[in-house]
Every structure is written in C-alpha cells, then in structure tokens.
Amino acid sequence: MIEFFEALFSYSFLQNALAAAFLASFSCGIAGTFVQINKITFITGGIAHAVLGGVGASVYFGFSPMLGAISVSILFAVILGIVRFKGGQQEDTVIGALWGCGMSAGIIFIYFSPGYSVNLSNYLFGNILLVSKSDLTALVILAVAVFAILTVFYRQFVSVSFDEEYTELRGVKGVSIYIVMLIMIALTIVVLMKVVGLILVIAFLSFPAATASMFSSKISRIIALSSIFSFIFSFTGLIFSYKYNLPTGAAITLVAGFIYIFSILIRYYYVRNS
Amino acid sequence: MSRVISFENVSFSYGRNKVLEDIDLFVEKGDFTAIVGPNGGGKTTILKLILGLLSPQKGELKVFGQSPCKSRIRTGYVPQFSVHDRSFPIDVENVVMQGLIGNTSFGPFYSKNVKKKVADIIEKLGLTQRMKDRFGDLSGGLKQRTLIARAVVSQPELLLLDEPVSSVDSSVEKDVFEMLNLLNKKMTIVLVSHDIGFVSKYVNKIACVNKTLVIHNAGEITSGIIEDAYRGKQVAVNHSCGI
C-alpha cells in the first residue's frame, strides 16, 4: 500500500490513472444510477459494444479514436432512443443487431489497419495506466458534459424514468428527454472505455449504483453514493493492478463485483436480524 | 352546460382486432361518468383516445373542442398503479411533483411555488405523514391517493381514472369514491371500472362499453322509490348491454 503511494508521487502515469479514475467515477455514478433505475443494462451494453465500430473506423481512416467513439456512441444513443419508443416489439432485436454489427465492423476495420492489432485489447479491456495528458483533457470535457446534462435535465430524467407515459401527457417531449439521457450514458461509456474497456462497461456501470441503492432510496443520494463507491472500486483495483501486475480493467471490475456481493450479504444479514 | 368530451361515430382497431365500433359519447362539464364493461371491451382504449395516446381510425373526437393532444394539458390522468416499478427510488412528494413537470423549467430543483402547491394537495389528501415514504412501499390505497394527488395538483378541468379501485379493499374503495365526489365539484370526472355496483352510487352517467357503447343516466334509473343501498343492483339489472 505504502509503496503504491510512493510510486504515485513519483510516476506521472499513475497520477494520470488516478485522475482518470476520479473522472470516470464521477460520470459513472451519474449514468450508472439512471441505467439502474431504468433497467436498461441491455441498451447500455449495446451502445458500449457498438462503440468499437467507431473506434475501428477512426483508427482505419486516421482520426482520433476518442472522436470516433463519441460520434458513434451518440449516433447509437439516438437510434436506440427512437427504437425504444417507436419500435414496439422489435427493440431487443435492434439492440442485438447494433451490438453485433458495430462490434464486428470495429474488429474488421482494426484488422485492416496495420500495426494496430495489439491496441485492440486496450479498447476492449481498457488500460487506465496508459491514459495520456491529452486523454485526460478529453475525459475532463466529457465528465463536465455529463454533469451539465444531469444538472439541466435532472427532474425530467427522473420523471421519464419513473413514468414516461405520464411525463409525455404533461406536455414534456418524452422521446427527446429519453434520447438526451441515453446520450449522457453514451458519453460516460466513452470515458469508461479508457478505464475498464468496452466489454466491462456494463459491469462497472451496474455495480456502484446497485450497491448504492441498497443504502438509499433517494435518487440524488444514490448518484452521490455510487460516485463514491465507483472511486473506491477503481482506486482499490488500481492498487491491486499495480502491486500484482494485473490487467487494470479486470482488477477494478472484480473489486466492484466482490464489494457488491459482500454488500448483499451484509444487507441480508442485517434484514434477517432486524 | 359546455361539452367536455365528444365522440362521434368513433371506431378503433388494434391491427385487425376491432375494439370500438361507431361509438358516440358525450360528457358535459361537471359530469361524473363511469365507463364500465368486460375486459377487452374497450374501456381503457376510450381513456387512451381521450388522452391522445391513440387516435381513432374513423369518426371525430374532440376534448374541450380541440384535438385530444392539444387539450391533454388540461386533463389529469390516474393510471393503474400496478404499472409502476415497485423498487423505483422515489418518494410520495416527488411522485406528486411529477404532475407539474410540464409547467416547470429545466434545472435540478423544483421552485418554492411548485413545492407549496404539492404540499397543499398532499395535505388535502391526507398524505402529509407519508410524504417522504418510498412510493413502492405504500399500500394500494395510499398509492392510489398519491396518483390522484399527482393528477389534480395541476388543477385540471377533466380527471380521468383507470380502474381506481381495482386492487383495494372495500373500505378504501368507499374512501376513494368519497374523495372523487368532492373533486367532482371542481372538475369533470370520467373513470373506468369493472365494478358497476359501487360506481353507480356516485356517478351521474354510466357508459357501458363492449365494442359498442350505451349511455345510461344513473339518476333516472335510481330515482323514486328505490333505496340508495339498492341502487347498484338496480342499475345492474336494468342494463341491457350484455355485461
């Protein structure tokens, strides 16, 4: 533990990693709470995996992968938002199709881009230890965007999550609000891509909010608590990863999973004895 | 009296399945109308048409003389409470505030004015003690009260209720109807119910729907010698709409 803190002061890559973990936790607490209360893990998974298509295309055509990820995630958020309201029974199929096709397109693009095959795993599993200064700037902008969207639309998001039909009946454009909420989640996915990777995004978005909702039944508190949990998970994961030379994304997600299961057990014990 | 709802020759089908056929329904200001009928008879479809959530394939439908989508802001709606996720983290106060979401601007907090209106209606409906309770943890009767509070906090001119007493016990049922009776002094009410007996004590019009629609004037049927307590049965017996 002490050696980690000593290293933290001397290595800038660890400082960057910690800053990235902080920004990711902040966004994750916000977006994860809405994923949890809306029960839209599948949509979130769909966007996360399809983002690889954007990353692959940017690598192939020589753009910034972050920019590709942001554009594709927003595009899919809009499509899935519309499908949710207009697609009827087809919703699941469309999500599955975008999930698979987006990811496959990404793999093929990266396959044809010489010299990039090694980096594929960084997008899929994340590597917080490779976060650069320019990545950090992008993460700050994304985190600020996520927070700004939440601040402006908080009440509308809560309303549409609880009862979308009623929100629509009160003269609020439910579809638009829902799409803005998915865009907020999509931007968070891009932030998390750097930390835990696209494949583990669903787990990392779910665990902190699920753990937090055991301790509070107020949405604003769940958001704050899951941000804190999320930071504890990523910080602990980072220490393990550094000390035992483990893949960071997997270490962070496993820590989150263990603490979640531990919380369930504590809660079960507490409920049984009270 | 001014007309609040008018259906003229309205037909509606879900795909090939015809649910409503050439129905006429007129609701005047101050009416307390019950729509009764068997499951799948088209009761909820009528409410959804009035709210503009569905549009008729044939016929003309006006609410406050306008298309339903335009008039929905003047309407309060109480859905069946079973549609809500029980684990959703929201308290009674915030559910009621949702009734004013259309009138408020963006930003994370509700204004003082909204909070005051919500506190007033919560007090009127006797929910002050439960204001901070999680909605999903409430009993059926209290959930129903909360949803009625949400619907009337915007002071609508028309209140629509979908099976307001479907899963509550009979004392709560009486309670809900007494409350609606009071609200009826200020607003027109249309409710959907499967229980014709209880409903007919309080309403002045009963619309029986089973693909087609027949309107009965509850007052006419029950006037005269029939005891209040038997009204329900009498109305049921006199109906000729096959339910």
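Only the coordinates and a few stated rules stand behind these numbers; no lab work does. A quick note: this is a predicted structure, and the numbers were derived from the prediction, not measured. Here the Cβ is made from the backbone with ideal geometry for all residues, glycine too, and neighbour counts use every protein chain on show.
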Value of [θ]222 nm, deg cm²/dmol, for chain B, DSSP H segments ≥ 4, -39500 (n - 2.57) each, nearest 500:
-8500 deg cm²/dmol
What percent of all Cα-Cα pairs in the stretch A:147-250 falls in each 5 Å bin, counting up from 0?
2, 12, 17, 20, 19, 13, 8, 5, 3, 1, 1, 0
For chain B, what's the radius of gyration and Dmax over Cα atoms, in angstrom?
18.2, 60
Can you tell me which of A:205-213, B:131-139 comes out highest on packing, and rank the rest after it, using the mean Cβ neighbours within 10 Å?
A:205-213, B:131-139
Distance cut-off 19 Å, Cα to Cα: go down the list B:K117/B:K186; A:K39/B:K143; B:K18/B:K58 and report the pairs above it.
A:K39/B:K143
Students often get this wrong: which residues of the stretch B:44-86 have the backbone nitrogen under 17 Å from the point 7 angstrom along Cα-to-C-beta of B:N103?
B:71-78
Longest principal axis of chain B (C-alpha) makes with the long axis of helix B:112-124 (C-alpha) an angle, in degrees to the nearest 10, of 50 degrees
Cβ-defined net charge surrounding B:E60, 13 Å radius [Lys, Arg +1; Asp, Glu -1]:
0
Considering every pair of different Cα atoms, what Kirkwood radius, in Å, is found for the protein assembly as shown?
25.6 Å
In whole Å, largest first, what are the principal axis extents of the Cα atoms in the stretch A:2-273?
57, 57, 30
From largest to smallest, what semi-axes in whole angstrom does the stretch A:206-271 give when each is the square root of 5 times an eigenvalue of its alpha carbon gyration tensor?
24, 14, 7
